[in-house]
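Some notes on the structure that comes next.
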């Protein structure tokens, strides 16, 4: 294609415009696979040949196609006849009008659906070349300032900061946006500081539900001001989890079922959703027991010789619907409660379960097959509400 274009340019320079036009038409059929530079050169000489043949409309069309390929394209005005320059300028005006109309339509659509940040970003990029973009940018700045002021007045400083920052990013010279952005930032930092202080009180008093709610507010407020407060709170939570998992391991070693259950309940209470304490909960799933054979609960419970039911106040039944109990049975049929998992969490219920189950007696035959003469099993204890 490059060779054919060179031949067409040579015909044009020799003022053989009809021949050049026919050759350019033939080249047009190959343009679908043309390199970008060849395609731009093709459009330029199609336009120049059309001007030479007094086909101004076709020339304008080709110049428009050229500008679509390279919006910044410009003719060296001293090298071309006034007629060529005039048609090219008309094409550039038409291109810019269409370009600006498209940009401003996109900007208006973004504003209409409430995406002011995108709208002002679009208008900012085009304000140097499009009158409509400058007008829309001024309108959007005013709208965002008004929205920011309204949010500031009602105490929604996060929303206020977002609006003022959007204006400031688009127009750093907007003094109102700059001033109120600084003020909103200060209010958010103050609110975060107070929230962290309140969180500490709740956390230290073990009001974990309200502490978690306040932590989520801190995370939300910190998003736009790059505050380190969420990380500081998470470090406090992790410190609690580290301490509790260590205490749980110690309780496991001494088979203190109640202590394990209380620690498990505390870790669960910190965050019922499991987003903060997932790893800690994984570490305390089960207390490993060595020296005994683990067996299924069903055949083991069939050898239960005497049973004592937990004495649970009916008012506490909602806290004891389903409890997992892990026990060790020795070769005399005696029971030691190794672990209690009471998800609803009430130490009174857990203690009642432990005290009752430790009085159970099993047929010693349950351990006859085990060389260690003891077995471990886990079962679910259910309560009617």
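A compact table of results
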read-out: Scope the range 129-157; condition in contact with a helix residue (DSSP H, G or I) (Cβ under 8 Å, 6 or more places away or on another chain) and over 30 Å from residue 186 (Cβ atoms); matching residues; value: 129, 130, 131, 132, 133, 134, 136
read-out: Subset of the range 353-385 (residues that are crowded, with 17+ Cβ neighbours inside 10 Å, modelled with pLDDT under 90 and under 48 Å from the mean Cα position of the chain (by Cα)); value: 381, 383
read-out: Test: residue in the range 255-271 that is under 33 Å from the mean Cα position of the chain (by Cα), part of a loop (DSSP other than H, G, I, E, B) and not assigned by TED's automatic domain parsing to the domain that holds residue 361; value: yes
read-out: Any hit, the range 68-77, residues being in the same structural domain as residue 15 (by TED's automatic domain parsing), in contact (Cβ under 8 Å) with a residue 24 or more places away in the chain, in a helix (DSSP H, G or I) and under 17 Å from residue 39 (Cβ atoms); value: yes
read-out: Selected residue (criterion: nearest to residue 59 (Cα to Cα)) from residues of the range 98-133 that are without any contact (Cβ under 8 Å) to a residue 12 or more places away in the chain and loosely packed, with under 13 Cβ neighbours inside 10 Å; value: 102
read-out: Verdict on residue 109 being part of a helix (DSSP H, G or I) and within 28 Å of the chain's Cα centre (by Cα); value: yes
read-out: Residue within the range 213-221 that is farther than 28 Å from residue 162 by Cβ, assigned to a helix (DSSP H, G or I) and touching a helix residue (DSSP H, G or I) at 6+ places or on another chain (Cβ under 9 Å) present; value: no
read-out: So residue 280, is it touching a strand residue (DSSP E or B) at 6+ places or on another chain (Cβ under 7 Å), buried (at least 20 other Cβ atoms within 10 Å of the Cβ) and either at pLDDT below 90 or closer than 23 Å to residue 214 by Cβ (or both); value: no
read-out: Of all residues in the range 223-243 being without any contact (Cβ under 8 Å) to a residue 40 or more places away in the chain and closer than 18 Å to residue 269 by Cβ, the one that is surrounded by the fewest Cβ atoms within 10 Å (Cβ to Cβ); value: 239
read-out: Selection from the range 33-58 of residues that are closer than 28 Å to residue 128 by Cβ and more than 49 Å from the chain's Cα centre (by Cα); value: 47
read-out: Exclusive hit being assigned to a helix (DSSP H, G or I) and modelled with pLDDT under 95, set 195, 209; value: 209
read-out: Which numbered condition residue 275 misses (of (1) under 19 Å from residue 350 (Cβ atoms); (2) assigned to a loop (DSSP other than H, G, I, E, B)); value: (1)
read-out: Odd one out for residue 114, checked against (1) in a helix (DSSP H, G or I); (2) within 48 Å of the chain's Cα centre (by Cα); (3) more than 20 Å from residue 5 (Cβ to Cβ); value: (1)
read-out: Among (1) exposed (fewer than 15 other Cβ atoms within 10 Å of the Cβ); (2) more than 25 Å from the chain's Cα centre (by Cα) - the single one residue 140 does not satisfy; value: (1)
read-out: Among (1) crowded, with 16+ Cβ neighbours inside 10 Å; (2) touching a strand residue (DSSP E or B) at 6+ places or on another chain (Cβ under 9 Å); (3) at negative phi - the single one residue 255 does not satisfy; value: (3)
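One line per residue, one yes/no per condition, for (1) outside any helix (DSSP H, G or I); (2) at pLDDT 90 or above; (3) surrounded by 14 or more Cβ atoms within 10 Å (Cβ to Cβ):
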residue: 135; (1), (2), (3): no, no, no
residue: 172; (1), (2), (3): yes, no, no
residue: 179; (1), (2), (3): no, yes, no
residue: 182; (1), (2), (3): no, yes, no
residue: 185; (1), (2), (3): no, yes, yes
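Residues are listed down the side, and each one gets a yes or a no for (1) modelled with pLDDT under 95; (2) assigned to a helix (DSSP H, G or I); (3) outside the structural domain of residue 91 (by TED's automatic domain parsing); (4) under 21 Å from residue 74 (Cβ atoms):
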{"position": "6", "(1), (2), (3), (4)": "yes, yes, no, no"}
{"position": "10", "(1), (2), (3), (4)": "yes, yes, no, no"}
{"position": "15", "(1), (2), (3), (4)": "yes, no, no, no"}
{"position": "21", "(1), (2), (3), (4)": "yes, yes, no, no"}
{"position": "24", "(1), (2), (3), (4)": "yes, yes, no, no"}
{"position": "27", "(1), (2), (3), (4)": "yes, yes, no, no"}
{"position": "32", "(1), (2), (3), (4)": "yes, yes, no, no"}
{"position": "37", "(1), (2), (3), (4)": "yes, yes, no, yes"}
{"position": "41", "(1), (2), (3), (4)": "yes, yes, no, yes"}
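Results for (1) touching a helix residue (DSSP H, G or I) at 6+ places or on another chain (Cβ under 7 Å); (2) exposed (fewer than 13 other Cβ atoms within 10 Å of the Cβ), shown as yes or no for each residue.
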{"site": "16", "(1), (2)": "no, no"}
{"site": "24", "(1), (2)": "yes, no"}
{"site": "32", "(1), (2)": "no, yes"}
{"site": "42", "(1), (2)": "yes, no"}
{"site": "60", "(1), (2)": "yes, no"}
{"site": "65", "(1), (2)": "yes, no"}
{"site": "84", "(1), (2)": "yes, no"}
{"site": "91", "(1), (2)": "yes, no"}
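The values are calculated or read from the model by the stated rules, or taken from the named source; none is laboratory data. From a predicted model like this one, the values you see are computed outputs, not experimental measurements. Ideal geometry is used to build each Cβ from the backbone, glycine not excepted, and the neighbour counts take in all protein chains shown.
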